[in-house]
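Visitor: Quick one: the structure is below, and I'll ask about it shortly.
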Amino acid sequence: MRIFLAGLVLALAAYAAVHAVKVENDFTAFLPNTTSPEERLLVAQLRDGLVARLMLVALEGGEAPALANASRQLAAELAKAPEFAFASNGASFASPALAEALVRNRYALSPRVAPGAFSEEHLRRALDERLDELSSPVALPTRALLPRDPTGELTALYKRLVPGTQPAMREGVWFTADGKSALLIAQTRAPGYDSVAQAAAMARVRSALAAIDPALRPTLSGPGVFAAESHRIIEHDVERLGIAATAGVLLLLGYVYRSLRAIALVAMPVVLGLLAGVLAVQWGFGSVHAITLGFGATLVGEAVDYPNYVLVQTQGEGSGALGSVGHTLGLAVLTTVASALALALSGFQGLAQLGVLTMVGILAAGIATRYLVPWLAAGRVPVAYPLPFAALLQPFGGRLPRIGVVVLALAVLGGLAATDPAWRENDLSAISPIPEALRLQDAALRREMGAPDVSYLVASRGSDEGAALANAEAALPVLEGLKAKGVLAGYESATALLPSPATQRARLDALPARDALEASLRAAQRGLPFKPDTFAPFLSDVEAARTAPLLTRAAYAGTPAAARLDALLVQQDGAWLALTPVAGLRDAAALEAALAGSASRLVDLKRVTAGMLDGYLRESSRQVAYGAGLIGVLLVFGLRSVRRALRVLLPSAAALCLTVGLLAACGVRLGVFHLVALLLVLGIGLNYALFLEAAVSNSARRARAAQALALCVATTALTFGLLAASATPVLRAIGLTVAIGALLSVVLALAWTPAERSFR
Amino acid sequence: MTRALFAAALAFASAAANAAFDEAELMRQLAATTEVQSAYTERKTSPLLAAPLDNSGTLTYRRPNVIEKNVASPRREKLRILADEVVVERNGQERRIAIASQPTLAAFAASLRGVLSGDSAVLRKYFKLRVSGAEEAWSLELVPIDAAVSRYVERVVVEGRGGRVGRIETFEVSGDRTVLELR
């Protein structure tokens, strides 16, 4: 009855929590609180950057004309779709609004506009060229603008705006070099990290293509696609493994207790802890990250050990036994809370959430185990049947194995110190669950497209937008020179769309007055068959440009270029930054040297990332050390003996060292998520050692401790062993680490448990 | 009643006469021509031009894939249409443009090659075909299918006699017109 009542209350609380908690999906919450401007830039780029919003689309499964046709229709569809800012397949700028903006501002935009550019001689040469083109099939598309643009400014502009390295062209659209797939590039409106919106954008591409030609297959790639895929994979993994683990644990509990009531008793503290933890995070942070929720459930899930321990350990003893067991339980809970403290203090918001969730969850589960479970049991402690292998868990204490373990652990520490950076993971992409094949495919598509990769940016700083643009313009000759030398493949500058005010002014001032231009034009036209007034639109366009206000971002409102400019021209710390993504950079040092002394700097995002992760790892290690110190103090006070405290602490610490050593020896690179797992190992190890230590005095208790331990190890090994089979590197890392760590912990805890007679 | 019957019979008769020279027959006859080498004149008229632009020279076609336009006047220039590129030679300089890079260029190349070789499959990739007239004076109208082409080109009308092409007239959306006549 009591259990039913408690279950009802819990269900209501869970229902309330589901409605109160806001779940977030932004993976950048797992990036550290940034300190340097470069790091802030990196995080901003990862979140909102242009590159993070690009989706690469390859169409396959048809002949070239069918693919090209589908590519054109798809580009038109996507340009209209609310999920995309623009889509391009190389055919043209898909947006008429952008073409209009470029035509209108062509003289402010064209670097060819300079004093003398509209002299009679230059005009004559231009008109001769246009006349030739008139009877050539090659120049058909520019024919319509001929009366407005006889100097061919727009054609030159297009050549500049289209990325320097272009994919192969077939049937008028981009194709892969082998001609098997048509290529498109689309920019999503949603930032790359928004996995839900990115999934919607992907669905839009797929459904649009299915409507155009169901025979064709799309391949989608890009940071946003990866975010959506990771989300899907993690969700799928968590769901599948979660169900398997829950089923496995229930099966185990079913074997041990053979009573639904007992299983409900055991589950109650975990559910309560999880609820309390999630609500605490929601209250403290305003939202709960999806990953926090996933991992938090795993961390708090360990609390299932507590009721198991209490129920098994108090078998056949009166309610008085609960007191001494409760003391051990309290220590186990407090040490786990102390180990999670390092997480709670983390600079990564996501990890800080995880820490708070764990601390509150474990604390709540511990309290529930100590007070709620006995009340619910109402004096009827369920019968626990021993697991078959419980008898194996016998202490094998002795000086020699202990010394051996300590020496081994010290050797591991020494080895790690000696090979320091080699075993650390500093590549962000390594925590991504995206399969290697997909990543390779993305790299290949990126190469074909000449799309910039996320690695290098030239950042030009200025006190205002114009100054930043001017500084970016100053860097262009450097980039152009290095491109000619093959040091880099290409770059994309905001100044191609928005030259600095000074540059625009200089260009517009170079335009001749109407009378002068008309005279030059008349002279240039002499002897040519053009009708005298053919170029009247040209004359009025130039005159309008001379007196027009300077081009600003506003000119691009509602066009695809607006989003591009927003991404390439950003405000940071009260200053403006013009960003120039660099593609195919072969020699970063050469570019860095060439930019030295200018207002532009090369930002190597990979290096910033690595530095950031490294710094985080160092900081966390320090916090873990503080946590360990705190745990030591807790143990000494709780057990009232340094000797007993050491008996608990040493095997746990050694298990931790050996786990790290084992992973490193297997070539696993250790990262942030391993650290989370190691904290979990520490908590588990301390619990095991405490449970055993508390039972040394009495052989009946000892048998039950072995029994309780067997159940704890079995649930842990089962849950995390399953995680180790996950496709997600993060989950696999945690699963493998904890499974190994838990097994080592129990073995070492047994090694440190003294044989009965040696205890006095 | 009799008049209606008579009109119907007349319509049927003329349709039957036309059917004798249809697209398949035209293509068969065009395909039978394996080599053409003839002088041509080309005239471009445009709303932008006070006087038409003329050029002349020789047009060469050899089965299966050689098409060359040798301009002799007003200045020397050579245009070669290869399988996948157009090569323009002028003043000793050579410029190569991939046919696939521009839909209009691809359609232009296909129209010349398809007509000269009698390959209706090539033509149909880019145009809707309509044949009218009789063997001694036929006309083939090509209307672009693809929007990327029809934005610029309205239609192409080819006229000829038997397996010989005599005249190719291109109507552009801009109002420009090009007439190429073979002698």
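Visitor: What are the residues of segment A:140-154 that lose 50 Å² or more of accessible area, with a 1.4 Å probe, going from their chain alone to all protein chains?
Guide: Output list: A:140, A:141, A:143.
Visitor: Ranked by accessible surface with a 1.4 Å probe, highest first, in what order do A:155, B:60 come? Intermediate results must be reported in sequence, preceding the final value.
Guide: Values: A:155 55, B:60 5 Å².
Of A:155, B:60, the descending order of accessible area is A:155, B:60.
Visitor: Next question, about the same structure. If ligands, DNA and RNA are left out, what is the accessible area of residue A:649 with a 1.4 Å probe, given in Å² to the nearest 10?
Guide: The accessible area of residue A:649 comes to roughly 50 Å².
Visitor: Sticking with this one: So, counting K/R as plus one and D/E as minus one, what does the shell of residues with Cβ under 12 Å around residue A:62 add up to? Kindly include the intermediate steps, with their values, before the conclusion.
Guide: Details: positive: A:180, A:217; negative: A:60, A:63, A:171, A:213.
Within the 12 Å Cβ shell, the charges total -2.
Visitor: Would you please state the base-10 log of I(q)/I(0) at q = 0.19, 0.20 1/Å for segment A:64-192, with intensities from the Debye formula using one equal scatterer on every alpha carbon?
Guide: -1.16, -1.22
Visitor: Binned at 5 Å from 0, what are the whole-percent values of the Cα-Cα distance distribution for segment A:194-333, short to long?
Guide: 2, 8, 12, 13, 14, 12, 9, 8, 6, 6, 4, 3, 2, 1, 1, 0
Visitor: Continuing with this model, one more query. Under unit Cβ charges (Lys, Arg +1; Asp, Glu -1), what dipole magnitude, rounded to 20 debye, does segment B:21-182 have relative to its Cα centre? Working shown, then result.
Guide: Details: 24 positive and 23 negative charges, 81 e Å.
That gives segment B:21-182 a dipole magnitude of about 380 debye.
Visitor: Now for a different question. Just report the Cα centroid separation between segment B:49-98 and segment A:175-189, whole Å.
Guide: 33
Visitor: If you count only protein heavy atoms with a 1.4 Å probe, what accessible area per residue comes out for the protein assembly as shown, rounded to a whole Å²? Don't jump to the answer; show the numbers that get you there.
Guide: Working: 40930 Å² over 943 residues.
About 43 Å² of surface per residue is accessible.
Visitor: Using a 1.4 Å probe on the protein heavy atoms only, what accessible surface does residue A:656 show? Give it in Å² to the nearest 10.
Guide: 40
Visitor: If you don't mind, another one. Each residue of segment A:537-553 in turn: what ³J(HN,Hα) in whole Hz from Karplus with 6.51, -1.76, 1.60 and θ = phi - 60°, glycine and Pro shown as x?
Guide: Here the 3J(HN,Hα) series is x, 4, 4, 6, 5, 5, 4, 5, 5, 4, 9, 6, x, 5, 5, 10, 3 Hz.
Visitor: If A:600, A:697, A:36 are ordered by their accessible area, calculated over protein heavy atoms with a 1.4 Å probe, which sequence runs from highest to lowest?
Guide: A:697, A:36, A:600
Visitor: Let me know the whole percent of all Cα-Cα pairs from segment A:35-137 that are separated by more than 17 Å. Mind showing how you got there, number by number?
Guide: On the way: 3882 of 5253 pairs.
Of all Cα-Cα pairs in segment A:35-137, 74 percent lie more than 17 Å apart.
Visitor: For residue A:160 and residue B:32, FRET efficiency with R0 = 41 Å and r from the beta-carbon atoms, rounded to 0.05?
Guide: Details: r = 50 Å, r/R0 = 1.22.
Calculated transfer efficiency: 0.25.
Visitor: Another question about this same structure. Report, by chain and number, residues whose modeled amide H sits under 5 Å from the one on residue A:170, excluding near sequence neighbours (fewer than 5 apart, same chain).
Guide: Result for residue A:170 returns A:175.
Visitor: If I compute solvent accessible area with a 1.4 Å probe over the protein chains, what percent of it on segment B:21-182 is carbon and sulfur?
Guide: Working: 3640 of 7690 Å².
Within segment B:21-182, the accessible surface is 47 percent carbon and sulfur.
Visitor: Near residue B:96, within a Cβ-to-Cβ distance under 13 Å, what is the net charge of the other residues, with Lys and Arg +1 and Asp and Glu -1?
Guide: Values: positive: B:78, B:80, B:90, B:95; negative: B:84, B:85, B:89, B:94.
Around residue B:96, the surrounding residues sum to 0.
Visitor: From the P(r) of the protein assembly as shown, could you give the percentage of C-alpha pairs in the tail past 42 Å? The partial results should precede the final answer.
Guide: Details: 237003 of 444153 pairs.
Cα-Cα pairs in the protein assembly as shown separated by more than 42 Å: 53 percent.
Visitor: Another question, if that's okay. Apply the Karplus curve 6.51 cos²θ - 1.76 cosθ + 1.60, θ = phi - 60°, to the phi angles in segment B:29-35 and return the couplings in whole Hz, x for Gly and Pro.
Guide: Coupling constants for segment B:29-35: 5, 5, 5, 5, 7, 9, 8 Hz.
Visitor: Still on this structure, please answer the following. Give me the accessible area of residue A:463, 1.4 Å probe, in Å² rounded to the nearest 10.
Guide: 100
Visitor: Another question, if that's okay. Taking the Cβ of residue A:296 as the centre, find all other residues whose Cβ is under 14 Å away and add up their charges (Lys, Arg: +1; Asp, Glu: -1). Display every interim value, and only then the final one.
Guide: Working: positive: none; negative: A:24, A:302.
Value of the local net charge: -2.
Visitor: Now a separate question. If you take the accessible area of B alone, add that of A alone, and subtract the area of the pair, what total do you get in Å², probe 1.4 Å, to the nearest 100?
Guide: Numbers: alone 10800 and 32410 Å², together 40930 Å².
Approximately 2300 Å² gets buried when B meets A.
Visitor: While we're here: Hey, can you grab everything whose amide H is under 5 Å from the amide H of residue A:458? Only 5+ residues off in sequence or another chain; H modelled, so Pro and N-termini drop out.
Guide: The answer is A:580, A:582, A:603.
Visitor: While we're looking at this one, here's another question. For chain A, find the longest principal axis of its Cα atoms and tell me its angle to the long axis of helix A:223-257, 0 to 90°, nearest 10.
Guide: 10
Visitor: Order A:461, B:76, A:402 by their accessible area, 1.4 angstrom probe, all chains in place, largest first.
Guide: On the way: A:461 90, B:76 175, A:402 60 Å².
From most accessible down to least: B:76, A:461, A:402.
Visitor: Sticking with this one: Would you please give the FRET efficiency between residue B:161 and residue B:73, computed as 1/(1 + (r/R0)^6) with r the Cβ-Cβ distance and R0 = 22 Å, to the nearest 0.05? Display every interim value, and only then the final one.
Guide: Working: r = 26 Å, r/R0 = 1.20.
It comes out at approximately 0.25.
Visitor: Now a separate question. Report P(r) for segment B:21-182: all Cα-Cα distances, bin width 10 Å, range 0 to the bin holding the largest distance, values in whole percent.
Guide: 10, 38, 41, 10, 0
Visitor: Also: Tally up the carbon and sulfur contribution to the accessible surface of chain A as a whole percent, 1.4 Å probe, everything protein left in place.
Guide: Numbers: 19770 of 31250 Å².
Summing carbon and sulfur atoms, their accessible area is 63 percent of the total for chain A.
Visitor: Among rounded, prolate and oblate, which fits segment A:583-646 when a ≥ b ≥ c are the square roots of the eigenvalues of its C-alpha gyration tensor, a/c under 1.5 means rounded, and a/b larger than b/c means prolate? It would help to have the intermediate numbers written out before the result.
Guide: Working: a/c = 6.98, a/b = 4.99, b/c = 1.40.
Prolate.
Visitor: A further question on this structure: Between segment A:214-265 and segment A:630-663, how many Å separate their Cα centres?
Guide: What the calculation gives is 34 Å, centre to centre.
Visitor: Quick one: what does P(r) look like for segment B:38-120 with 10 Å bins over all Cα pairs, in whole %?
Guide: Spelled out bin by bin, segment B:38-120 gives 17, 43, 36, 4 percent.
The values are calculated or read from the model by the stated rules, or taken from the named source; none is laboratory data. This structure is a prediction, so every number in the text was calculated from the model and none was measured. Because the Cβ atoms are built from the backbone with ideal geometry, glycine has one as well, and the counts that use them run over all protein chains shown. Accessible surface is based on the protein model in full, side chains and every heavy atom, while ligands, DNA and RNA are left aside. Shrake-Rupley method; radii C 1.70, N 1.55, O 1.52, S 1.80 Å.
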